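Read the structure below first, then the notes.
Readers should treat all values here as calculations from the given coordinates under stated rules, not as data from a laboratory. Since this is a predicted model, take the numbers as computed values, not measurements. All Cβ positions, glycine included, derive from the backbone under ideal geometry; neighbour counts span all protein chains shown.
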Amino acid sequence: MKIKRFLSSAGLEILVGQDDQSNDYLTFRVAHANDVWFHVNGTPGSHVILRCGDTKVQPDKESLREAAALAAWFSKMRTGGKVTVSYCFVKQVGKPRGMRPGKVTIKSAKKLLVRPELLEEIK
């Protein structure tokens, strides 16, 4: 699977899928139900997961912003100035039968307006 790893400034792991199959794998196999899921609004892009569900740590505002900025960076809106990114808990993301890889439904989401930003990748 093609998944990139980053750390937020608060030390929380951020995972980014690099194609449709990796997005599905990340969202439905790797992520914990209480991790936070991010995706650019209405445009193709990566699924981004802010890991905090296993530890029950409440993500700080800066970690949320950094994960959203990565979602904007790894989308077709990379050069679009400020970008709207939807986010919710992974447990609010679904995939009806027969839906193509990378496609999901969201039960409820909040939105952040961020500038695309690339953090330093963890190897």
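Summary table below
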read-out	value
Tally, over region 86-123, of residues that are in contact (Cβ under 8 Å) with a residue 60 or more places away in the chain and among the acidic types (D, E)	2
Counted residues, region 30-87 - those being in contact with a His (Cβ under 7 Å, 6 or more places away or on another chain) and aromatic (F, W, Y)	1
Extreme residue, surrounded by the fewest Cβ atoms within 10 Å (Cβ to Cβ), among residues of region 5-14 that are out of contact with any Phe, Trp or Tyr (no Cβ under 8 Å at 6 or more places or on another chain) and of a type outside the set (A, V, I, L, M, F, W, C)	G11
Whichever residue in region 15-70 is under 23 Å from L113 (Cα atoms) and hydroxyl-bearing (S, T, Y) and, among such residues, is surrounded by the fewest Cβ atoms within 10 Å (Cβ to Cβ)	T43
